[in-house]
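Read the structure below first, then the notes.
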Amino acid sequence: MARTGSCNCGSVRYSIAADVRHTGACHCGMCRKWSGGVYLGVEVAPDDLTIEGQDKLTIYTSSPWAERAFCSICGCNIYYRVTAPGPNQGTYHVGLGTLDDAGGITLTEEIFIDRKPLGYAFAGDRKTMTEAEVMAMFGPD
């Protein structure tokens, strides 16, 4: 099922052409600061995301292997994108909360699980990865 979404003010809209199959929660310090809590994102292949209002996006390099984008009008975080060479290059992680309808989407993974604050937990079982495991997968050599 295709999905659509937008920022708070509607200046940036997007559509996802493929079914959402992977949804992750990131507990790293950068994502917590960026989102104000845990960052929940849906994984989208580079060719499956169409963005309207790209001129309203502010994109910044947040690490040697990724960039983040937010609406320059309302400040809403839109996506995190992997820029490092490798099989994940170009993959978007679009903010779950920006979807127009998140119905039927379940959480499939939590990363930086060893950095998760003790004050909350998600119900159910899913794949988890530690900081070391994530860095080995995405970090520079």
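Quick note: the coordinates plus some simple rules give every number you see, no bench work behind them. Everything numeric here is computed off the predicted structure, so don't read it as measured data. Methodologically, a virtual Cβ is constructed for each residue, glycine included, from the backbone with ideal geometry; neighbour enumeration extends over all protein chains shown.
Gain on full extension, evaluated as 0.36 nm per residue between E109 and Y60 minus their Cα-Cα distance, stands at 15.1 nm. Projecting the Cα atoms of A2, L40, Y14 onto the dipole axis of the chain, where Lys and Arg carry +1 and Asp and Glu carry -1 at the beta carbon, places L40 farthest toward the positive end.
Among [x] 0.99; [y] 1.09; [z] 0.94, which one is Rg/Rh (Cα atoms, Kirkwood Rh) computed from these coordinates? Computed from the coordinates, Rg/Rh (Cα atoms, Kirkwood Rh) corresponds to [z]. Partner lysines whose Cα lies under 16 Å from the Cα of K127, excluding those fewer than 8 positions away in the same chain, are identified as K116. Counting only residues at least eight positions apart within a chain, or on another chain, there are no aspartates and glutamates with an alpha carbon under 14 Å from that of K56. Across region 63-141, Cα pairs under 8 Å and at least six residues apart give a relative contact order of 24 percent. Compared with the alpha-carbon gap, the fully stretched path from D19 to A123 is longer by 35.1 nm at 0.36 nm per residue.
Short-range pairs are left out: with C-alpha atoms under 8 Å and at least six residues apart, the relative contact order of region 3-138 is 27 percent. Provide the FRET efficiency to the nearest 0.05 for the M135-E52 pair, computing r from the beta carbons and using R0 = 30 Å. The pair M135/E52 has a calculated efficiency of 0.30.
Charge dipole of the chain (Cα centre as origin; +1 on each Lys and Arg Cβ, -1 on each Asp and Glu Cβ, all else neutral): 380 debye, rounded to the nearest 20.
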